[in-house]
Amino acid sequence: MTNATASPASPGIRTLLLMSVPAVLIGVGSAVVLRLLDLVSDELMHFLWDYLPGLFGATQSTPWWIFLALTLTGAAVGAIVWLVPGHGGPDSATTELGGTPPKLHAVPTILAVSILGLAGGVSLGPENPTIAVNSALAVAVFGRLSTKVPPALLVMLAVSGTIGALFGTPVAAALVFTGMVGAMAMPGSLWDKLFLPLAAAGAGSVTMMLIGGQSIGFTLEPIGDYQWSFLWQGVLVAGVSALLGVLAAFVFPHIHRLFHALRNPIIFTTLGGMILGVLGIIGGPITLFKGLQQTGELLENPDAYTPQQLALFTAVKIVALLIAASAGFRGGRIFPAVFIGTAFGLLAYSLVPGMPISLAVACGVLGITLAATKDGWIAIFVGVALCGDVTVIPLLCIIILPVWLIVTKAPELVVHPSEPKSVSAAKP
């Protein structure tokens, strides 16, 4: 029987093998960059939040210290974006996972503002700036070694390697790129197109695990035997979570416009840091930072928090995410969204009678992640990874269908180029 998916122009085995060398190297390099970013930001975080407060008779939970640390973080980030060549790279509010890589000279400032934000308690993740750095390095290094490798492919490999490292598994990258590569004008079957991104993602995830990276996976009590009520419960929780994400997406460009109307980055980023400081005082330290470690804290002892606390965590983190992304800080929106979905899922678990905790968390994360990324595969993947229960997969595949109808025509959680942009490159 003839293989109908292949074509005479399909890449040969030799081509795939040769191209897998830069794919693997880019994947390994992407993981190393992410791990170094994590290590440096973690060391600075411990200095800022564990050691330094003690010198002044404070702790990381002391209100005035939270306000001061985030305000100074905002001022430092704003100064770099305003004054230092490279200006912190592109405004993360206007970027998604991929796109045009920044110029190589911007890489040092992207790393600097990312480390400051991650260490200073800003509610953004490392994904957008790390992908920007890895894409720029991949194009600069491999683009010079061989003109036969398209820059777009190098960017795709850098994105794949970074996503694999971020989530600790190549599955996430494979799911993300299934739709993308399926639409690409590349010859060959779907797996011909996925071969190189999967090689980069696999290399990135394995490298990250070997050098001590943190996994996104947790384990909650399994849902047990299915019940018909699980479907309406799941749709309810995921639907409301998605609506929270849609509401955030509606107001995002307006908040971004208000901050950037101030023109000077050191002004609007410092103001953003001050507001984040107030939010940190209201929500407490658990609502600070990118959210992955804090998500683990919620899931380690889910019964330790009252519904009122979980509702507060959800609301504060949504506002903190919008302020951080609008005020010129550099970072991604997926990890904070995961924290929001987890807190909301635990809130639903405490309020909806008979709903399993794994289903509640999976649906809470699925809804807001779907609204934030407009990618059903990644929403399902993150939902399953958070609860560690594969038996929720069939339910999520059904629950996501009506929830997709909520988000499909809604705005994305990103400021598009047609909307007012940052003036981060403004000269003093």
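The values are calculated or read from the model by the stated rules, or taken from the named source; none is laboratory data. Because the structure is a prediction, the values reported are computed rather than measured. Note that we place each Cβ from the backbone using ideal geometry, even for glycine, and neighbour counts take in every protein chain shown.
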Any hit, the range 295-312, residues being in contact with a helix residue (DSSP H, G or I) (Cβ under 8 Å, 6 or more places away or on another chain), crowded, with 24+ Cβ neighbours inside 10 Å and not β-branched (Val, Ile, Thr): no
Residue in the range 223-233 that is over 18 Å from the mean Cα position of the chain (by Cα), of a type in the set (Phe, Trp, Tyr) and surrounded by 16 or more Cβ atoms within 10 Å (Cβ to Cβ) present: yes
Selected residue [within 28 Å of residue 345 (Cβ to Cβ) and not assigned by TED's automatic domain parsing to the domain that holds residue 38] from 273, 239: 239
Among (1) closer than 30 Å to residue 81 by Cβ; (2) among the hydroxyl-bearing types (Ser, Thr, Tyr); (3) more than 23 Å from the chain's Cα centre (by Cα), the one test that residue 269 misses: (3)
Flag if residue 89 is on the phi > 0 side of the Ramachandran plot and without any contact (Cβ under 8 Å) to a residue 12 or more places away in the chain: no
Looking only at the range 295-315, and only at residues there that are within 18 Å of the chain's Cα centre (by Cα) and β-branched (Val, Ile, Thr), the one that is nearest to residue 345 (Cα to Cα): 314
Flag for residue 369 being at pLDDT 90 or above, of a type in the set (S, T, N, Q) and within 30 Å of residue 109 (Cβ to Cβ): yes
Yes/no for residue 255 being surrounded by fewer than 21 Cβ atoms within 10 Å (Cβ to Cβ), in contact (Cβ under 8 Å) with a residue 60 or more places away in the chain, under 30 Å from residue 66 (Cα atoms) and under 21 Å from the mean Cα position of the chain (by Cα): yes
Options 338, 352, 361, 365; residue that is surrounded by fewer than 24 Cβ atoms within 10 Å (Cβ to Cβ) and of a type outside the set (Asp, Glu): 352
Condition met for residue 201 (in contact with a helix residue (DSSP H, G or I) (Cβ under 6 Å, 6 or more places away or on another chain), over 26 Å from residue 410 (Cα atoms) and assigned to a helix (DSSP H, G or I)): yes
Some residue of the range 86-104 being surrounded by fewer than 24 Cβ atoms within 10 Å (Cβ to Cβ), more than 18 Å from the chain's Cα centre (by Cα), part of a helix (DSSP H, G or I) and of a type in the set (Ser, Thr, Tyr): no
Selection within the range 263-273 - surrounded by fewer than 19 Cβ atoms within 10 Å (Cβ to Cβ) and modelled with pLDDT of 90 or more: 264, 267
Residue satisfying all of: in the range 174-211; at pLDDT 75 or above and polar (S, T, N, Q); surrounded by the most Cβ atoms within 10 Å (Cβ to Cβ) among these: 205
